[in-house]
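S.K.: Before we start, here is the structure in question, set down as structure tokens.
The values are calculated or read from the model by the stated rules, or taken from the named source; none is laboratory data. Just so it is clear, the structure is predicted and the values come from calculations on it, not from any experiment. Neighbour counts run over all protein chains shown; Cβ positions are idealised from the backbone, glycine included.
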Amino acid sequence: MALAIVYSRARLGLAAPAVTVEVHLSQGLPGFQLVGLPETSVKEARDRVRSALLNSGFEFPDRKITVNLAPADLPKEGGRFDLPIAIGIIVASGQLPAAAIEGYEFYGELALSGAIRAIVGEIPLVLACQAAGRQPVLPMSNACQAQQIPGVALHGADHLLQVHSFLLAQQALPVIPALPDSQCGYPLCLSEVKGQQQAKRALEIAAAGQHHLLLFGPPGTGKSMLAQRLPALLPQLSLAEALESAAIYSIVALNKPLSQWRQPPFRQPHHTCSAIALVGGGSVPRPGEISLAHQGVLFLDELPEYERKVLEVLRQPLETGAVCISRAGRQAEFPAQFQLIAALNPSPSGHHQDGRASREQVLRYLSRLSGPLLDRIELQIEVPLLPKGLLSTQQPSESSAEVAGRVAAARQRQLARQGKSNARLHPAELLLHCPLSAADSDFLEQALQQLKLSARSYHKLLKVARTIADLKQQADISRAELLEALSYRAFDRLLQYLHS
């Protein structure tokens, strides 16, 4: 009786549960049986592994082969188990000593020639393998992406023969290319946007405190240009944040260039996207756009053109920073701490004051946006038409690098004071970090009553005022910061005007 045990991992959301690949060779009619709740792509490994072994010069045992993928109640999918199954057959048939595979985990899809093809989700499985105290052997392209993880011994291979020679200590595996030394700068600069000083100021505040931002105004005023330049103002991600973002990208087979892996992600889905595409879902739960924008920016252009039910699914993730996808057989939770930037025209004709749409038509158009969703957006800025002569002026404007310096300094103050950005403060933490005088507190409550804003808006205004004070390098919030924070509620004032 010949038995081999090889370690690998499955994919379950952002988790990578361990899978033990047990290969048993026994007497009886030659056959290849695969058990352990394999899906179709895993069952097809029988033909891929057989051809890969024969074409690589290995002996394929003329015996009954039973492969068990344990635990049996965990669904297995994809081609990642081809390589561990092949290694298990080689060990069980005596072509490789069992001691040679101790301390390793194997992942990879095999071509019929024995070449090792890339798999999906290398970051979560390498992190889990590192936590288990083993070393991963995986396709070279996946190893190049996984080298972002510090302190892990990666072994990348392009062919089954390379893995065999490596395990026998006969030949080293190819060297994994080093990470680029320099990080690529963001190509779009804020200086390219003419005028719109108030909108630029709001963009700076949004970047400093990670606040959500709504830009509205006539077509062609620079709303999309402003939103697309926000990533240039944001600080680079920390190592933990970058790895979390990279893990989400890896499980949907998307990889950012290695030179940009510390940059915050920027996602801009089209307004025809579905609710599942936006928040995630499917029979096998997959992350959506809000999770791909985790630790970065989600830009929704032409906001009223999205279906209302699509926009409403954003309400819970905007508050919790996570989304739980539940299906009959599987559940998965994905992080979704994104910064929402939205842009819209305040009328179906482009502008609510152009005379081409009645007040009722404008209200019907804007009613596609629910009050609870708008209540979650701290900064609401009107981007007006530019005055005559401004487009042709050559007057220099602040670059993204200059603004990013102030944003980074404000963000450092927040991290030193509370360990998180202002937008992520809880109500109990607001009492500690955003104290107001009695007069300022009364003033803010009166303003809320006049604008008919909610208690959530009260907390949002405090957070924005705290960020403005951080940009001014002030320890406390004064009346000036509260007034400026209230000035960034232009959409609420527009709705009041239309209803009057």
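S.K.: Does Arg80 satisfy the condition of being buried (at least 17 other Cβ atoms within 10 Å of the Cβ), of a type outside the set (Ser, Thr, Tyr) and either farther than 26 Å from Gly329 by Cα or over 31 Å from the mean Cα position of the chain (by Cα) (or both)?
M.R.: Details: buried (at least 17 other Cβ atoms within 10 Å of the Cβ): yes; of a type outside the set (Ser, Thr, Tyr): yes; either farther than 26 Å from Gly329 by Cα or over 31 Å from the mean Cα position of the chain (by Cα) (or both): no.
No; evaluated as a whole, the condition is false for this residue.
S.K.: So, one more: Being of a type in the set (S, T, N, Q) and over 27 Å from Arg330 (Cα atoms) is the filter; apply it to the stretch 1-27 and report the residue that is modelled with the highest pLDDT. Even if it seems obvious, please write down each step before you answer.
M.R.: Our first condition is that a residue be of a type in the set (S, T, N, Q); within the stretch 1-27, this holds for 8, 20, 26-27.
After this cut, where a residue has to be over 27 Å from Arg330 (Cα atoms) as well, the list is 26-27.
Working: Ser26: 92, Gln27: 89.
Once the filter is applied, the top-ranked residue is Ser26.
S.K.: From the list Leu278, Leu311, Leu318, pick out the single residue that is crowded, with 23+ Cβ neighbours inside 10 Å and over 20 Å from Leu125 (Cβ atoms).
M.R.: After ruling out the rest, the residue left standing is Leu278.
S.K.: Kindly provide the set of residues from the stretch 173-187 that are surrounded by 12 or more Cβ atoms within 10 Å (Cβ to Cβ) and modelled with pLDDT of 85 or more, ordered by number.
M.R.: Matches in the stretch 173-187: Leu173, Pro174, Ile176.
S.K.: What residue, of Asp440, Asp470, Asp492, is among the acidic types (Asp, Glu) and closer than 19 Å to Ala199 by Cβ?
M.R.: Numbers: Asp440 fails: closer than 19 Å to Ala199 by Cβ; Asp470 fails: closer than 19 Å to Ala199 by Cβ.
Answer to the check: Asp492.
S.K.: Which residue out of Leu461, Leu444, Leu483 is under 14 Å from Leu379 (Cβ atoms) and not basic (Lys, Arg)? Outline the logic, then answer.
M.R.: Details: Leu444 fails: under 14 Å from Leu379 (Cβ atoms); Leu483 fails: under 14 Å from Leu379 (Cβ atoms).
Among Leu461, Leu444, Leu483, only Leu461 is under 14 Å from Leu379 (Cβ atoms) and not basic (Lys, Arg).
S.K.: Collect the residues in the stretch 284-294 that are under 8 Å from the mean Cα position of the chain (by Cα) and crowded, with 24+ Cβ neighbours inside 10 Å, keeping them in residue-number order.
M.R.: Here is the first cut: in the stretch 284-294, the ones under 8 Å from the mean Cα position of the chain (by Cα) are 289-294.
Scanning the stretch 284-294 gives Ile290, Ser291, Ala293, His294.
S.K.: Would you please name the residue that is farthest from Arg424 (Cα to Cα), looking only at residues in the stretch 283-303 that are in a helix (DSSP H, G or I) and out of contact with any Ser or Thr (no Cβ under 9 Å at 6 or more places or on another chain)? Steps first, answer last, please.
M.R.: Of the residues in the stretch 283-303, the ones in a helix (DSSP H, G or I) are 289-292, 303.
Next cut, out of contact with any Ser or Thr (no Cβ under 9 Å at 6 or more places or on another chain) only: 289-291, 303.
Numbers: Glu289: 20, Ile290: 16, Ser291: 17, Leu303: 24 Å.
Across the stretch 283-303, the extreme among qualifying residues is Leu303.
S.K.: Tell me, please, whether a residue that is basic (Lys, Arg) and over 37 Å from the mean Cα position of the chain (by Cα) can be found in the stretch 32-51. Before you say what the answer is, go through the steps one by one.
M.R.: To start, the set of residues in the stretch 32-51 that are basic (Lys, Arg) comprises 43, 46, 48, 50.
Then drop every residue that is not over 37 Å from the mean Cα position of the chain (by Cα), which leaves 50.
Within the stretch 32-51 (the criterion being basic (Lys, Arg) and over 37 Å from the mean Cα position of the chain (by Cα)), the answer is yes, since at least one residue qualifies.
S.K.: Residue under question is Gly355, and the condition is that it be assigned to a loop (DSSP other than H, G, I, E, B), touching a residue at least 40 places away in the same chain (Cβ under 8 Å) and more than 29 Å from Leu461 (Cβ to Cβ); does it hold?
M.R.: Details: assigned to a loop (DSSP other than H, G, I, E, B): yes; touching a residue at least 40 places away in the same chain (Cβ under 8 Å): no; more than 29 Å from Leu461 (Cβ to Cβ): yes.
The answer is no for Gly355.
S.K.: Residues being under 15 Å from Leu494 (Cβ atoms) and in a loop (DSSP other than H, G, I, E, B): count how many of those fall in the stretch 324-347. Don't jump to the end; show me each part of the working.
M.R.: Here is the first cut: in the stretch 324-347, the residues under 15 Å from Leu494 (Cβ atoms) are 342-347.
Remaining after also requiring in a loop (DSSP other than H, G, I, E, B): 345-347.
So the answer is 3.
S.K.: Does Ser56 meet the test of being in contact with a helix residue (DSSP H, G or I) (Cβ under 9 Å, 6 or more places away or on another chain), polar (S, T, N, Q) and under 20 Å from Leu168 (Cα atoms)? Explain how you work it out, then say what you get.
M.R.: Numbers: in contact with a helix residue (DSSP H, G or I) (Cβ under 9 Å, 6 or more places away or on another chain): yes; polar (S, T, N, Q): yes; under 20 Å from Leu168 (Cα atoms): yes.
Criteria met by Ser56.
S.K.: Kindly provide the set of residues from the stretch 190-238 that are touching a strand residue (DSSP E or B) at 6+ places or on another chain (Cβ under 8 Å) and farther than 23 Å from Ala423 by Cβ, ordered by number. Working first, answer last.
M.R.: Taking the stretch 190-238 as the starting set, the residues that turn out to be touching a strand residue (DSSP E or B) at 6+ places or on another chain (Cβ under 8 Å) are 198-199, 202-203, 205-206, 210-217, 223-224, 226-228, 230-231, 234.
Answer for the stretch 190-238, where residues must be touching a strand residue (DSSP E or B) at 6+ places or on another chain (Cβ under 8 Å) and farther than 23 Å from Ala423 by Cβ: just Gly217.
S.K.: Consider the stretch 304-315. How many of its residues are touching a strand residue (DSSP E or B) at 6+ places or on another chain (Cβ under 7 Å) and in a helix (DSSP H, G or I)?
M.R.: 1
S.K.: Specify which of the listed residues (Ala246, Ala207, Ala277, Ala293) is without any contact (Cβ under 8 Å) to a residue 24 or more places away in the chain and assigned by TED's automatic domain parsing to the domain that holds Gly329.
M.R.: On the way: Ala246 fails: without any contact (Cβ under 8 Å) to a residue 24 or more places away in the chain; Ala207 fails: without any contact (Cβ under 8 Å) to a residue 24 or more places away in the chain; Ala293 fails: without any contact (Cβ under 8 Å) to a residue 24 or more places away in the chain.
Among Ala246, Ala207, Ala277, Ala293, only Ala277 is without any contact (Cβ under 8 Å) to a residue 24 or more places away in the chain and assigned by TED's automatic domain parsing to the domain that holds Gly329.
Residues checked against (1) touching a His at 6+ places or on another chain (Cβ under 6 Å); (2) within 15 Å of Gly121 (Cβ to Cβ); (3) part of a helix (DSSP H, G or I):
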{"site": "Ile5", "(1), (2), (3)": "no, no, no"}
{"site": "Thr20", "(1), (2), (3)": "no, no, no"}
{"site": "Gly28", "(1), (2), (3)": "no, no, no"}
{"site": "Val49", "(1), (2), (3)": "no, no, yes"}
{"site": "Asn68", "(1), (2), (3)": "no, no, no"}
{"site": "Ala72", "(1), (2), (3)": "no, no, no"}
{"site": "Gly78", "(1), (2), (3)": "no, yes, no"}
{"site": "Leu83", "(1), (2), (3)": "no, yes, yes"}
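S.K.: Checking the conditions here, which among Gln380, Gln331 is touching a Leu at 6+ places or on another chain (Cβ under 7 Å) and either on the phi < 0 side of the Ramachandran plot or in the same structural domain as Pro231 (by TED's automatic domain parsing) (or both)? Break it down into steps so the answer makes sense when it comes.
M.R.: Working: Gln331 fails: touching a Leu at 6+ places or on another chain (Cβ under 7 Å).
Being touching a Leu at 6+ places or on another chain (Cβ under 7 Å) and either on the phi < 0 side of the Ramachandran plot or in the same structural domain as Pro231 (by TED's automatic domain parsing) (or both) holds for just one of Gln380, Gln331, which is Gln380.
S.K.: Does the stretch 219-233 contain any residue that is among the charged types (D, E, K, R), over 30 Å from Pro136 (Cβ atoms) and surrounded by 16 or more Cβ atoms within 10 Å (Cβ to Cβ)?
M.R.: Going residue by residue through the stretch 219-233, those that are among the charged types (D, E, K, R) are 223, 229.
Checking which are over 30 Å from Pro136 (Cβ atoms) leaves us with 223, 229.
Add one more test, that the residue is surrounded by 16 or more Cβ atoms within 10 Å (Cβ to Cβ), and what stays is 223, 229.
Within the stretch 219-233, one or more residues are among the charged types (D, E, K, R), over 30 Å from Pro136 (Cβ atoms) and surrounded by 16 or more Cβ atoms within 10 Å (Cβ to Cβ).
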